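Just below is one structure, and these are the notes that go with it.
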Amino acid sequence: MKVLFLSPNYPLEMQDFTRGLAEVGADVVGIGDTPRDGLSPKVKSHLAGYLQVPLQNPEAVLTAVRATGVRFDRVECLWEPFVELAAWLRERLGVPGMTLDTARAFRDKELMKQRVEAAGLRVPHHTRANTREEVWAAAERFGFPLILKPIAGAGSADTFRVDDAKELEVALARTAHVPEVSVEEFVDGEEFTFDTVCIDGKPAYANIAQYHPRPLQARSNEWISPIVVTIRDMWAPAYKPGIELGLGVLRALNMGTGFTHMEWYKKANGEVVFGEIGARSAGGHLVDQMNWTGDIDLYREWARAVCWKSFEGDTRRKNNVAIIFKRARGQGRIQRIEGLERYLAKYGAHVVAEQLLRPGAQRRDWLQTLVSDGFVCVRHPDLSATLQMAQAAATDVTMYAE
Ligand SMILES: Nc1ncnc2c1ncn2[C@@H]1O[C@H](COP(=O)(O)OP(=O)(O)OP(=O)(O)O)[C@@H](O)[C@H]1O
Ligand SMILES: [Mg+2]
């Protein structure tokens, strides 16, 4: 089993997916921008080969892959910007897996919504807009509030909630550099994920997580400590409409084998609405949370699914797992952390990871990275106990920068 794996070193979790591929018996050839010397020792130890090629240049990638003379059985990528490149390579190289047409619908948010809608599923009212006039026309049609966002976005960047005409002017100015935008009806409600590892379109593994608060709010207010919690009892009736929506979306988009990460909204009246989906794993440590939810290794089981169409992880769910991302007050270097000792003394038994930046470390850009200045991760079989511990980490642990 020869696997070409795009960007094995970055983002960080790709290193564990590389390990997973090697552990299920694949010969893994990595390809990416990172210089060979810059690869982490962990990645190096699991790679049979590595090609340093700029992934932004598809032709260069194709040439380099062909030059190896290796006949690859799989071409895989779990990093959003290059999921389409992987599909394009598969077609050029005659490798089985998701086609470019299918991959495009997991990336282009308009095409995605068109196909989901065509399957009779509820999506926000939406349209593609290339000019100011088109955006204004959409605003007249949908009314306020609405959402303005890039067609191929990530990390809520350049995504705006717009409540009136004045705000629309501001949002237009701030998205002036975005070539093409999606204009959507703003859907008020709670926000969840639906994550799967699929084999031939059927989830061998599924997960639901909830955002507290919704990502756009978390990204608009620095003082917030965003929380994401995996739901142990995801098969309870309350989540059923979301799961049915998710399964419908997988069918509508012709999902094959691999990871998916979907976001969906639940309105106060119970109606569920599709948000978006990627043919890749979730970022922000959600894969680790899923692993801690059931004491499994999805890095390896994803690899088993794509290589051998088999999944051996235990799908029983033992815990709710909450991650709390922290943002320091002030700028520059971290100076001190208050409340952490007390927190750990009280909840330490439930803490599965604590990776807050330590004094002396430079603050991260909270707008660029969801992980911000680090995180605490807790788990508990009871959801309200989990949320209570998560709230405590949000309010009682404070990081200060100079
Ligand atoms: N139609 C909508 N109604 C309400 N909120 C929305 C809508 N579209 C987007 N949002 C908010 O903006 C956030 C970012 O939008 P979206 O998920 O489409 O973009 P993204 O930048 O690709 O996200 P990600 O952070 O998952 O990469 C959503 O998580 C949600 O909180
Ligand atoms: Mg999103």
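Among LYS2/LYS202; LYS2/LYS318; LYS2/LYS240; LYS113/LYS202; LYS44/LYS149; LYS202/LYS318, which pairs are too far apart, with a Cα-Cα distance over 27 Å?
Violating the 27 Å limit, Cα to Cα: LYS2/LYS318; LYS2/LYS240; LYS44/LYS149.
Give the distance, in whole Å, between the Cα centre of segment 233-259 and the Cα centre of segment 291-332.
Taking the Cα centre of each part, segment 233-259 and segment 291-332 sit 18 Å apart.
Using the Cβ atoms and a cut-off under 13 Å, what net charge is assigned to the surroundings of ALA86, where Lys and Arg are +1 and Asp and Glu are -1?
+2
Can you pull out the chymotrypsin sites (Phe, Trp or Tyr not before Pro) in segment 254-291 that DSSP calls coil and that have at most 14 other Cβ atoms within 10 Å?
Loop-located and lightly packed - none at all.
Fewest to most neighbouring Cβ within 10 Å: what's the order for THR159, THR18?
THR159, THR18
Plugging the Kirkwood radius over Cα pairs into Stokes-Einstein for segment 2-97, at a temperature of 4 °C and a viscosity of 1.567 mPa s, what D comes out in µm²/s?
Diffusion coefficient, whole number: 100 µm²/s.
Find the Rg to Rh ratio for the chain, where Rh is the Kirkwood radius over alpha-carbon pairs and Rg uses the same atoms.
Dividing the radius of gyration by the Kirkwood radius yields 0.96.
Readers should treat all values here as calculations from the given coordinates under stated rules, not as data from a laboratory. Not measured: the values here are computed from a predicted model. Neighbour counts are summed over all protein chains in view; Cβ atoms, including those assigned to glycine, are modelled from backbone coordinates with ideal geometry.
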